[in-house]
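Asker: Before anything else, here's the structure in question.
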Amino acid sequence: MDNFFKSIGALIPFFSAYPYWVKILATVWFIFTAIFLATLIFSRSSATSDVIVQNGVLENIDIGKIEVYYPNPFSSPPNLNISTSVGKKKYYVDFIIIDQRSDGFKLDIGALTRGDKLSWEAKGIIKKEK
């Protein structure tokens, strides 16, 4: 083990000036940090490759409850964003998300003006067919 610290001391001159326990602590910290970063990088790259985005626009909506189904169901409820902006135009729609499932969501429209629209975007992992 002493040879290991001497080789590190040769690479990093100030490292040889510290007591033995500081060298061990620094080495353990470095190894755990390297493992943590490698795990973070590799787990994130494999998880994001399966994430897809589905979106749509709700037109001709009325006051009351409305149910929307995704074109392709997700494996679990996705990250859902609903916007009153469609393109560059902003609409006034008062709504509440009542239910969100892996196959769709349900809204309660409280107030709107004629011709209002809502756009939605869902990000998640698609349900695999068996």
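The values are calculated or read from the model by the stated rules, or taken from the named source; none is laboratory data. Please read these numbers as outputs of a predicted model, since none were measured by experiment. Neighbour counts run over all protein chains shown; Cβ positions are idealised from the backbone, glycine included.
Asker: Any residue that is under 30 Å from Ala111 (Cα atoms) and either at pLDDT below 85 or in a helix (DSSP H, G or I) (or both) - is there at least one of those in the range 38-61?
Answerer: Within the range 38-61 (the criterion being under 30 Å from Ala111 (Cα atoms) and either at pLDDT below 85 or in a helix (DSSP H, G or I) (or both)), the answer is yes, since at least one residue qualifies.
Asker: Quick check on the range 91-113: of everything there that is among the aliphatic types (A, V, I, L, M) and at pLDDT 85 or above, which residue is nearest to Glu67 (Cα to Cα)?
Answerer: Only one residue tops the list, namely Leu107.
Asker: Just give me the residues in the range 81-110 being of a type outside the set (Val, Ile, Thr) and farther than 24 Å from Val51 by Cβ, in sequence order.
Answerer: Gly87, Lys88, Lys89, Lys90, Tyr91, Tyr92, Asp94, Phe95, Asp108, Gly110
Asker: Kindly establish whether Trp21 is over 28 Å from the mean Cα position of the chain (by Cα), outside the structural domain of Asp99 (by TED's automatic domain parsing), over 30 Å from Phe105 (Cα atoms) and at pLDDT 85 or above.
Answerer: Answer is no for this residue.
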